[in-house]
Each structure stands twice: as C-alpha cells, then as structure tokens.
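What follows is a single structure, written as structure tokens, with notes after it.
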Amino acid sequence: MASLLAGLGMGVVLALGLLAAAASAGDRSIKDGRTLVVGTPAFNYIDPALVPDPAFAQSSLVPSLAAWGAEDASCAMLFRYPTGPPSRQDYRLVPEVSAGYPVVSQQGKTYTFTIRKGFRFNTGDPVTAANYKRAIDRVLNPAMNSPARRYLQEVAHVGSTGNKLIVRLTKRVPDFPARLTMPYVCPVPTDLPIDPEGVGAPLPGSGPYYISEFVRNSRVVLKRNRFYRGPRPHHVEQIIFQVGDLPLTNNAKVEAGQVDVDLIVPNPVIDDVAARHGVNKKRFFSVRSPSVFYIFMNTEQPLFRNNPKLRQAVNFALDRTAMLRAISRYFGSRTDSYLPPGLPGARGVHPFPLRHPDLAKAQALAKGHTGSGKAVMYTCDNAEFGCLAEAQLVRDALKHIGVDVEIKTFPNDVAAAKVSTRGEPFDLGDARFVVPWVDPYVYVNLLLDGRTIQPSGNTNRSYFNSAHYNKLIDRAGTLTGSARYAAYGKLAIDIASNAAPMAAYIDRNTRFLVSSRVGCVTVAAHGLDLAGLCIK
C-alpha cells in the first residue's frame with residue numbers, strides 16, 4: 001500500500017486541488033441558475049445498477065453517454081477521474097467520498113475504505129458506507145441482471161461498520177479502486193429495492209444533482225442537490241434530457257439553439273461542424289478519450305492460429321491514415337498502441353507504421369504464411385459509423401500480402417455479438433472498444449487474457465490465449481502503483497509487437513457540440529462533464 005501511495009499520492013493532491021480551484025473560480029465568475037437541455041435518442045434507465053455498459057452498447061453509445069452523464073452528475077463516487085479543461089485529459093484516479101486510498105490486506109484481497117464526512121443526499125440524509133454497500137449488493141444480486149455484475153464478480157462479501165466500507169475479494173484485483181468509478185457503484189438508499197426493471201424517480205442523488213423526474217425514453221430531469229457541499233462545479237438549476245430525436249436531428253437542434261448539448265457529433269457532419277465553429281474553441285470540441293479501435297484477428301481460426309508472422313504483416317499493411325480519414329480527421333488520431341495515450345504506463349513506442357503502411361515489410365512477413373489466402377471479416381452495416389468503409393480499406397491492405405478478404409455485414413449489435421461469440425467462423429472483426437473504467441487492466445486483461453474466454457459475451461475477441469503472456473499478465477497484477485503501470489505498459493508493447501493478435505488503428509475522440517449560450521466546458525475521462533456546464 002505504501003508503494004501505491006508513493007506512486008500516486010502527489011497526483012491525488014494535485015487533482016483534488018484542481019477540482020477545488022475550478023469550483024471556487026466558477027463560483028466567483030459565473031452566475032448560477034437556468035435550465036440546460038441535453039438531447040439523446042433514448043434513455044432507458046436511471047437505476048445505477050442498470051445503466052448501459054458502454055463496452056457492449058455499440059449501437060447505443062449516445063444513450064449510454066447520456067445515462068452515464070446523468071449518473072455522474074447525481075452521484076458522489078468513492079473515486080473518480082479529475083475534471084479539467086478540454087485540452088487536458090487526466091486518467092489518474094483520485095478519491096472523492098473515500099477519504100483516501102483504501103487500506104489493502106497483505107494478500108490484496110480485502111479493501112477497507114474510510115468514508116469522508118460532509119456528503120449528503122438531496123433528502124438531507126448523510127452518505128454512509130452502508131449506501132455504497134447497498135449499491136454493490138444490488139449489482140451482485142442475480143435478480144437485478146446488472147450489466148456490471150461481470151466487473152464485480154470477484155467480490156465475495158461487502159460489509160459496512162460506521163464510516164468503514166469493507167470489501168472482501170476472492171482473488172487479488174489490483175485495479176479494484178478504478179472499477180469503483182463506474183456509475184454502478186453510485187451510493188443509493190439502503191432500502192432501494194431489487195427491481196430488474198429499474199427504479200423510478202425521484203431517485204435521491206449524492207452529487208451536485210438528483211434525478212427528480214423520469215419517463216422512459218421521453219424525459220429525464222435533474223435538479224440541484226441543495227445539500228451538496230463537495231468541490232465539483234455546478235451552476236444550472238436543472239438539466240433536462242430531451243429524449244427521442246435521432247443523432248442528426250439533435251445535432252441540427254443544437255445548431256439552431258433549440259437544444260444545448262449534442263453528446264456525440266454524428267460522423268457524417270463532423271467536418272461541416274468543425275468548419276463552422278473551429279475545434280476546441282467555444283462550440284465544437286473533439287477531445288481525447290480512452291477508447292481505442294482495434295482489428296481483431298481470430299487466433300482460433302486456421303488462418304491466424306499459431307501465425308504471428310501473418311498477424312504482424314496485417315499490422316504493417318494497414319493504412320491507418322486512410323482508415324481515420326474514412327470517418328473524419330477530427331474523429332480521433334492514428335495509433336498502433338493497445339493502450340491509449342495519457343494512460344499511466346502507456347509508452348510512446350510505435351512498432352508499426354502510423355502514417356503510411358510498410359508494404360515491403362508486410363509482404364516479407366506474410367510470405368509463406370498466408371494459408372488458404374482467404375479471410376472472412378465481420379463488420380457493421382451502418383454507413384454512419386464508417387464500418388464498411390474501414391472494412392474495405394482492410395480488404396485493400398490485405399490484398400497486398402496475398403489474402404483475399406470477404407466482408408460480411410450485419411446490424412451493429414449483431415456484428416458485435418457475433419465477434420464476441422466463440423466459434424463464429426470469422427477471421428477478422430473490428431470493434432470500437434469503449435471502456436467502462438480507465439486502467440491498463442481493461443486493455444490487457446479483458447482483451448488479451450485467454451482465461452477470460454467464454455462461450456459468448458467475450459471482450460477477448462481475438463480469442464488469444466498464450467500461457468506465456470497469461471503468466472506475464474498475472475505478474476503485472478501482483479504489482480502496485482507506478483510499478484504496475486510500467487509493467488502493463490511494457491507488456492502491451494511486447495504483445496502488440498510480437499504476438500500481434502490485434503491491430504490498434506484509432507484512438508477515438510469524444511466529439512460534442514454545445515449551443516451558443518453554453519459555457520464552463522470541462523471534461524473528465526469519459527467525456528463532457530454535464531454537471532459543470534453553465535448558461536451564459
């Protein structure tokens with residue numbers, strides 16, 4: 001535990017100081033009040049245990065961002081990621097209601113959190129350890145059918161005594177505090193019932209706001225929590241989610257000033273919006289996110305099984321510049337790294353070409369390793385997402401190394417389900433990996449640990465299973481603090497360079513548009529901080 005604090009303690013102090021400074025500066029210079037309107041095509045749940053999992057909400061990313069944004073604004077979390085200006089994305093973990101980092105047992109299986117005093121629900125009731133216990137217990141209850149149950153499956157028991165929250169795990173989980181940034185662990189009343197349909201409003205909130213009204217797929221209203229005394233900036237009197245418009249319609253309404261926030265500018269209009277408003281000035285923002293796009297090579301199918309040379313060849317053959325431009329240059333940035341830039345432990349090492357493919361190297365690696373010379377690629381049929389255009393670029397690239405690619409398209413969620421199902425006869429699949437929490441564990445363990453593979457619902461979509469790398473993954477997980485981050489960073493480069501079961505190609509940006517009357521724009525790890533916005 002000492003090494004954890006030594007590696008991260010100064011970052012905690014700095015980040016908390018930035019939060020407090022932002023809050024005080026906002027209080028002095030911004031006039032509070034008025035209503036903010038956010039547009040979203042759907043909004044199914046306000047129950048923290050049931051909000052969509054962004055890692056699997058491929059065709060409903062905007063509704064998932066809306067739900068996560070509402071929970072973030074209404075929840076005081078044990079831990080969170082710092083909020084700051086759009087020019088700075090900070091993936092360091094900092095305590096919020098937790099008084100500091102937890103005390104961890106010698107075996108790394110028991111975490112004891114001390115709950116900070118002063119946080120209250122909008123009802124006036126204090127936020128206690130028992131409220132977090134109830135949140136975790138609800139997620140783990142099979143009757144809730146929470147999408148987060150898979151992420152907390154190592155929890156054996158949760159107890160609370162006074163201001164202490166004690167969580168016992170079945171095994172060491174070194175990123176456990178990072179998992180507590182997910183809205184699924186939002187504190188809730190101790191008597192909140194188990195309801196697989198999700199509870200309704202009013203839902204008590206412990207953050208700057210609480211959810212006062214909810215009509216499924218119609219309207220969601222957040223109002224200020226008058227008992228909130230935390231450091232997070234909050235200015236508007238209420239936030240209304242206007243539900244039902246398709247993304248392009250909502251974007252047009254923000255342009256016209258009828259709605260205040262478009263959480264994700266649709267791909268077809270990104271360039272036009274950027275031309276009108278500029279980038280990262282006052283209206284249109286395109287900021288780094290922790291989401292990475294990968295081409296998965298199915299290592300259980302004959303073409304790529306025991307064939308690292310061909311997998312490396314694919315990485316050298318891809319035209320990452322063309323793949324980014326197929327959507328928009330404001331959509332993100334090119335990458336060949338399994339970890340996003342800015343993540344602790346990520347290194348600026350590029351084993352594969354970013355600007356232009358190296359076809360000579362690709363052809364040399366592929367020679368004698370192309371098997372049947374045929375591959376099947378699964379992708380989505382949504383033109384707005386750019387899936388088919390990118391698949392065609394993959395097909396063109398692999399022609400140069402002697403592999404003919406047959407592209408099979410499906411509705412987006414069907415494509416995602418198919419590549420997540422073991423035994424599906426595909427060789428290549430693409431995935432836009434939107435992470436539920438930000439830690440090297442998500443990118444390495446969830447995507448590359450062969451022991452996570454199951455019949456369906458896989459995040460390891462290359463079905464990569466190496467005893468050698470599984471052992472190195474376990475070794476990285478025994479470390480803490482900066483040593484753990486460094487080990488994961490080294491391991492990610494090793495796997496990408498040598499085993500190459502995936503080809504990373506885009507670090508996705510979060511692109512959002514606000515109306516001309518909106519100010520105080522700040523972002524956190526998962527995108528726009530709705531709670532911090534103000535009306536000019």
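The values are calculated or read from the model by the stated rules, or taken from the named source; none is laboratory data. What you see is a predicted model, and the numbers here were worked out from it, not measured in a lab. Don't worry about glycine lacking a Cβ; one is built from the backbone with ideal geometry, like all the others, and counts go over all protein chains shown.
Just one of (1) modelled with pLDDT of 95 or more; (2) in a helix (DSSP H, G or I) fails for Leu5. It is (1).
When we screen Asn470, Asn460, Asn445 for residues that are part of a helix (DSSP H, G or I), free of Cβ contacts under 8 Å to residues at least 60 places away in the same chain and crowded, with 21+ Cβ neighbours inside 10 Å, the only hit is Asn445. If you go through region 234-282 and pick out every residue that is in contact with a Cys (Cβ under 8 Å, 6 or more places away or on another chain) and surrounded by 23 or more Cβ atoms within 10 Å (Cβ to Cβ), you end up with 1. Applying the criterion of being among the aliphatic types (A, V, I, L, M) and over 19 Å from the mean Cα position of the chain (by Cα) to the residues of region 291-310, the residue that is surrounded by the most Cβ atoms within 10 Å (Cβ to Cβ) is Met297. Looking at this structure, is Ser482 of a type outside the set (Asp, Glu), part of a loop (DSSP other than H, G, I, E, B), in contact with a Gly (Cβ under 7 Å, 6 or more places away or on another chain) and touching a residue at least 40 places away in the same chain (Cβ under 8 Å)? So Ser482 does not fit the description; no.
Every condition in (1) touching a helix residue (DSSP H, G or I) at 6+ places or on another chain (Cβ under 7 Å); (2) modelled with pLDDT of 95 or more; (3) surrounded by fewer than 23 Cβ atoms within 10 Å (Cβ to Cβ) holds for Asp90 except the one numbered (2). Tell me yes or no: at least one residue of region 488-500 is part of a strand (DSSP E or B) and either buried (at least 23 other Cβ atoms within 10 Å of the Cβ) or not aromatic (Phe, Trp, Tyr) (or both). No, region 488-500 has no match at all. Residues of region 259-283 that are within 23 Å of Trp68 (Cα to Cα) and either over 23 Å from the mean Cα position of the chain (by Cα) or part of a loop (DSSP other than H, G, I, E, B) (or both): Val259, Asp260, Leu263, Ile264, Val265, Pro266, Asn280, Arg283. Among the residues of this structure, Asp32 counts as one that is modelled with pLDDT of 50 or more, assigned to a loop (DSSP other than H, G, I, E, B) and under 19 Å from Leu530 (Cβ atoms). Within region 185-201, one or more residues are surrounded by 23 or more Cβ atoms within 10 Å (Cβ to Cβ), touching an Asp or Glu at 6+ places or on another chain (Cβ under 6 Å) and either touching a residue at least 12 places away in the same chain (Cβ under 8 Å) or not assigned by TED's automatic domain parsing to the domain that holds Ser146 (or both).
Just a yes or no: is a residue in region 364-385 part of a helix (DSSP H, G or I), modelled with pLDDT under 95, of a type in the set (A, V, I, L, M, F, W, C) and under 23 Å from Leu152 (Cα atoms)? Taking every residue of region 364-385 in turn, none turns out to be part of a helix (DSSP H, G or I), modelled with pLDDT under 95, of a type in the set (A, V, I, L, M, F, W, C) and under 23 Å from Leu152 (Cα atoms).
For Thr181, the criteria (1) of a type in the set (Val, Ile, Thr); (2) surrounded by 14 or more Cβ atoms within 10 Å (Cβ to Cβ); (3) more than 30 Å from Thr480 (Cα to Cα) hold in every case but one, which is (3).
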